[in-house]
Amino acid sequence: MTKKFEAFSPEAQKRLAEEAAGYQKRMAKIPYNEGRPELFETKIFRLQREGAVTGNEKKLLVATRDPGSGSALEPVLKELIDDEEIEIYVVTDGRAQEIIQKNFLTEDITPPDMVLKASNVTGIPDVILMDRSSEMGIDTYAAATFPGVLKILVEDYYANSIEYLSALKERDLPLPEKICVIDKGAKELITNKFPELEDRIVVTGQPAFDRFAHEDTQKISREVKQRLHLQPEDKIISFMAALDEPAKIKKMAEALQKAGGDFYFVFRPHPRDNIRYETYERMFIDAGVKIINMQDFTSDEIGAASDVVLTSWSTEGLNGIYRRKPTAHITDRDFSINAGYDPPLVPVRIGASVGINHMDELVAVLPQLLNTNSPLNHSLREKMEQEYPVDGKNAKRVADIIREYLEKK
């Protein structure tokens, strides 16, 4: 039986309130919201669609916060928005809120005392759709507030749901009914930690990757290089950063200089990185690397124009693979390792990307990645095609799972 917030004991209400307040405070410090104070406060939206609301609709509650989460769930919501029998509510903040408001007509129904009494404005949902946020709070709140509601979890990157699943178990909260993952490698990572969840994990593909079925990558590349006054044959190497340590970036700059070759370099900081871009730029200039400032370009434009994509843990590495760009995942063990996921990363293990365990290895590997006729380049392209097919139906597969559970209600 699902309980509203008011039905919990005073002690439980206090704990939930402290958790919600805690993540709100942490969120207010997050630099990717800098200059956007309207994204600090958690909001509740009802998504609008054509056609009258009858009141008989099934209710879907969506919890999303990070840009990766918003990008993964947005295509699923587009699949569902025209279903007249579904009413969609979204609890959101941060860059995910920006994505939702950009792509949907929304009605702000946030109550004065915010999410702690969300059920007063949404009612009890029939199904909850979520993608684990990096600063847990909005997702654990949804799980705690509606413990009896079935939850569908989308994992937008390898192993990023493991910490969330662990938190649910520690708090004795119900685990998701279904977990939608990128591929078999992603399923294996979760089942290694939670073998009891094997039957709940479904390989749907990551919904955000559907766009590569329609993107004209070569056209975008030509247009971007023209804007940069480069020739089509000019080589661009990009590094799509996670929250990497400055010392690691400096070491990369030195490796790029040693690798030699005629190429231009683009450094793309993570959206949440509060270190000034100029600080990183100076590292590459001092190392003698030809760096181009592309901060006015989108990540998609940079990725499409790149001839080689470097990254560590960023989803942009997978974007590069889906664009059939040779990629290298730099997981130098001299620096921090992503919690819960030790190398080799799945794309590296299956041969669709190169793993750089120590930065010095980049010196020898980079010329091979730049050479389109190298054996390494041919091997990478073969594995990319084989292991990462693009059919444009990932979002539909997730949406169909949601419809299935809503029909049972």
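The values are calculated or read from the model by the stated rules, or taken from the named source; none is laboratory data. Being a predicted model, the structure only gives us computed values, none of them experimental. Don't worry about glycine lacking a Cβ; one is built from the backbone with ideal geometry, like all the others, and counts go over all protein chains shown. Each accessible area value is taken on the protein alone, full model and side chains, heavy atoms only, with ligands, DNA and RNA left out. Shrake-Rupley method; radii C 1.70, N 1.55, O 1.52, S 1.80 Å.
Computed quantities for the displayed model
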| quantity | calculated |
| --- | --- |
| Positions within region 320-355 being within 18 Å of the chain's Cα centre (by Cα), open to solvent by 10 Å² or more (accessible area, probe 1.4 Å) and at pLDDT 90 or above, in sequence order | Tyr322, Arg323 |
| Asp342 without any contact (Cβ under 8 Å) to a residue 12 or more places away in the chain, in a loop (DSSP other than H, G, I, E, B) and more than 24 Å from Arg323 (Cβ to Cβ) | yes |
| Region 171-195, residues that are among the hydrophobic types (A, V, I, L, M, F, W, C), outside any loop (DSSP other than H, G, I, E, B) and under 17 Å from Leu150 (Cα atoms) | Ile179, Cys180 |
| Number of the exception - Ala186 against (1) under 30 Å from His358 (Cβ atoms); (2) of a type in the set (A, V, I, L, M); (3) without any contact (Cβ under 8 Å) to a residue 60 or more places away in the chain; (4) not assigned by the TED database to the domain that holds Gly320 | (3) |
| Failed condition for Met384, given (1) closer than 30 Å to Ile152 by Cβ; (2) under 19 Å from the mean Cα position of the chain (by Cα); (3) surrounded by 16 or more Cβ atoms within 10 Å (Cβ to Cβ) | (2) |
| Residue in region 133-142 that is open to solvent by less than 10 Å² (accessible area, probe 1.4 Å), under 24 Å from Lys408 (Cα atoms) and touching a residue at least 12 places away in the same chain (Cβ under 8 Å) present | yes |
| Any pair with Cβ under 6 angstrom, 6 or more apart, that starts in region 191-211 at a residue that is farther than 18 Å from Glu387 by Cβ and ends at one that is open to solvent by 70 Å² or more (accessible area, probe 1.4 Å) and at pLDDT 95 or above | Thr191/Glu198 |
| Given (1) in a helix (DSSP H, G or I); (2) surrounded by fewer than 15 Cβ atoms within 10 Å (Cβ to Cβ); (3) touching a Ser or Thr at 6+ places or on another chain (Cβ under 6 Å), index of the condition Glu223 fails | (3) |
| Some residue of region 285-302 being under 19 Å from His329 (Cα atoms), among the basic types (Lys, Arg) and free of Cβ contacts under 8 Å to residues at least 60 places away in the same chain | no |
| Helices (runs of 4 or more DSSP H) contained entirely in region 6-105, each with at least 1 residues that are open to solvent by 20 Å² or more (accessible area, probe 1.4 Å), modelled with pLDDT of 85 or more and not basic (Lys, Arg) | 67-80, 94-103 |
| Where a residue in region 160-175 is small (Gly, Ala, Ser) and open to solvent by less than 40 Å² (accessible area, probe 1.4 Å) and its partner, wherever it lies, is modelled with pLDDT under 90 and not in a helix (DSSP H, G or I), with Cβ under 8 Å and at least six apart | Ser161/Arg132; Ala167/Met136 |
| Any hit, region 192-200, residues being in contact with a helix residue (DSSP H, G or I) (Cβ under 7 Å, 6 or more places away or on another chain), basic (Lys, Arg) and surrounded by fewer than 18 Cβ atoms within 10 Å (Cβ to Cβ) | yes |
| Residue in region 358-378 that is under 23 Å from Cys180 (Cα atoms), out of contact with any Pro (no Cβ under 8 Å at 6 or more places or on another chain) and either open to solvent by less than 60 Å² (accessible area, probe 1.4 Å) or not assigned by the TED database to the domain that holds Lys250 (or both) present | no |
| Restricting region 254-271 to residues that are open to solvent by 10 Å² or more (accessible area, probe 1.4 Å) and assigned to a helix (DSSP H, G or I), the residue that is nearest to Ser314 (Cα to Cα) | Glu254 |
| Subset tally (residues that are open to solvent by less than 30 Å² (accessible area, probe 1.4 Å) and acidic (Asp, Glu)) for region 226-253 | 1 |
| Matching option when the condition is in the same structural domain as Ala72 (by the TED database) and more than 24 Å from the chain's Cα centre (by Cα), among Glu170, Glu233 | Glu170 |
| Test set (1) over 30 Å from Val398 (Cα atoms); (2) of a type outside the set (Asp, Glu); (3) not in a helix (DSSP H, G or I) - Ile249 fails condition number | (3) |
| Residue count, region 275-311 (criterion: farther than 11 Å from Ser238 by Cα, over 26 Å from the mean Cα position of the chain (by Cα) and β-branched (Val, Ile, Thr)) | 2 |
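Matching residues to (1) at positive phi; (2) part of a loop (DSSP other than H, G, I, E, B):
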residue: Asp273; (1), (2): no, yes
residue: Gly288; (1), (2): yes, yes
residue: Asn293; (1), (2): no, yes
residue: Glu301; (1), (2): no, no
residue: Gly320; (1), (2): no, no
residue: Ala328; (1), (2): no, no
